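Here's the structure, in structure tokens; my notes come after.
The values are calculated or read from the model by the stated rules, or taken from the named source; none is laboratory data. Just so it is clear, the structure is predicted and the values come from calculations on it, not from any experiment. Heads up, the Cβs are rebuilt from the backbone with ideal geometry, glycines too, and the neighbour counts pull from every protein chain shown.
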């Protein structure tokens, strides 16, 4: 069981890594062509709206409720599981079509709720226009997430893991078209910055179509016919789905209120703050996405099956290996982002419209987010313990507490330190959520306790990461002149490569990992 889990982590993590690397290319190009100006901030707000509701509908409430129910039906009723999935597709199409239409109509209100500081300048009308183009993405990506849940529950991780890369490919291609063939856009406004903003907005729903098409094709090829055969109707299974999803939906709403608080504070502060936070978010999302998404996708259906079969020891092993995998990769990432944020931001983003001042501000946000990175990933390890038991009520209560922490910190600190208060609020709230999840998991018994191996490695991993941090600090000082020259990309490559090699060397030396285990996982993946 554990080898199969590790294989799943590697599959999903590997494809997610590719998607995040493409995301970096996308953001490098956005920084190059849009910088932190009007079009950039308007696009970031417009894109955040469907993304916010995506986390609410697709990756949040609905999927966390759907996957355990579907996995259990798969174990006991076989083909009836796909009938349940078809009913869920029909209901989702109806609900989200109505929701999408409402969102497009009331887009000015949504933009004001997200960034009221835009109301007095041109950013508001731009954000409304971009938002109306991008908002249908919520329907497409939610359906893609449901189909991905079907694939993942059947231990078919490849297509679902690869799909997010398509969105970034569409973004990159769209900007490439504007750069190489500007004559294709005679309808666009004369400002180059605004042309890029408009084209990026259109890339959002086009990317959603590509993602849905890929997973739908993969599901059909695997024998899962998910096209609804009847009009939406309330079945007992859908009622059960709604009962489980409702608390998770409220919890997802609480999380999105956290984001709203942050955006509002940033929009009312220094111009460029939303862009700085967005670029920093992209950087720390690399390890968060690669590790957190891999664990959440693979662990939940496996735990759901183990809970149904009463396998406490199997649950413990799954939970312990997920913790090890996340801790092993997340802690060194956090240390690296804390020690060398400026070289990372400078080399990746500082060109064209992205200035040295933008680099400094983004680096500050990145360091603050890095403090919370382990907490963000640990949430992905702990939450499946609850969702596998169809327990969505306690995560709701914990999310409300997290909201109060975030709002208190962000609003309380903003008069003192300005926009960085947003990042501090997010980070402190994340750790508060982890502590609450850990406390609530105590009553689950042995299934929610780390085994001996995981406990032993829990302190060795931070030790290896700290040693790596020392190497990075010294090497960054030595490479300083290169970072101020045309060789800065080479300097970053040397820095990153040395950090990776030194970390795994130290991890092996202090007993935080065994290379034989990693080689075995990679062989199983091949």
Item to check | segment 491-503 - residue that is free of Cβ contacts under 8 Å to residues at least 12 places away in the same chain and over 15 Å from residue 342 (Cα atoms) and, of those, nearest to the chain's Cα centre (by Cα) | outcome: 500
Checklist entry - Within segment 441-455, which residues are in a helix (DSSP H, G or I) and crowded, with 16+ Cβ neighbours inside 10 Å? => result 441, 444, 447, 448, 454
Checklist entry - Conditions: (1) within 29 Å of residue 244 (Cβ to Cβ); (2) surrounded by fewer than 21 Cβ atoms within 10 Å (Cβ to Cβ). Residue 119 meets all but one. Number of the miss? => result (1)
Checklist entry - Are any residues in segment 210-232 surrounded by 15 or more Cβ atoms within 10 Å (Cβ to Cβ), under 24 Å from residue 98 (Cα atoms) and modelled with pLDDT of 90 or more, and if so, which ones? => result 210, 211, 212, 215, 216
Item to check | Residues of segment 397-440 satisfying the condition of being surrounded by fewer than 20 Cβ atoms within 10 Å (Cβ to Cβ), within 19 Å of residue 65 (Cβ to Cβ) and modelled with pLDDT under 90 | outcome: 397, 400
Next on the checklist: So in segment 472-490, with the set limited to residues that are assigned to a helix (DSSP H, G or I) and modelled with pLDDT under 90, which one is farthest from residue 15 (Cα to Cα)?
Outcome noted: 481
Item to check | Selection count where residues are touching a helix residue (DSSP H, G or I) at 6+ places or on another chain (Cβ under 7 Å) and under 19 Å from residue 439 (Cα atoms), scope segment 399-416 | outcome: 6
Next on the checklist: For segment 85-106, give me each residue that is over 27 Å from residue 68 (Cα atoms) and either in contact with a strand residue (DSSP E or B) (Cβ under 9 Å, 6 or more places away or on another chain) or in contact (Cβ under 8 Å) with a residue 40 or more places away in the chain (or both).
Outcome noted: 103
Item to check | Residue that is farthest from residue 458 (Cα to Cα), among those in segment 504-516 that are part of a helix (DSSP H, G or I) and free of Cβ contacts under 8 Å to residues at least 60 places away in the same chain | outcome: 516
Checklist entry - Quick check: is even one residue across segment 387-396 in a helix (DSSP H, G or I), out of contact with any helix residue (DSSP H, G or I) (no Cβ under 8 Å at 6 or more places or on another chain) and either modelled with pLDDT of 90 or more or crowded, with 16+ Cβ neighbours inside 10 Å (or both)? => result no
Checklist outcome for this item: Checked against (1) out of contact with any helix residue (DSSP H, G or I) (no Cβ under 7 Å at 6 or more places or on another chain); (2) modelled with pLDDT of 80 or more, residue 25 satisfies every condition except (1)
Next on the checklist: Please go through segment 65-111 and give me each residue that is under 23 Å from residue 395 (Cβ atoms) and either out of contact with any helix residue (DSSP H, G or I) (no Cβ under 8 Å at 6 or more places or on another chain) or assigned to a loop (DSSP other than H, G, I, E, B) (or both), ordered by number.
Outcome noted: 95
Item to check | Verdict on residue 357 being without any contact (Cβ under 8 Å) to a residue 24 or more places away in the chain and not in a helix (DSSP H, G or I) | outcome: no
Checklist entry - Out of all the residues in segment 127-158, which are surrounded by fewer than 24 Cβ atoms within 10 Å (Cβ to Cβ) and either within 16 Å of residue 200 (Cα to Cα) or in contact with a strand residue (DSSP E or B) (Cβ under 9 Å, 6 or more places away or on another chain) (or both)? => result 128, 129, 132, 133, 136
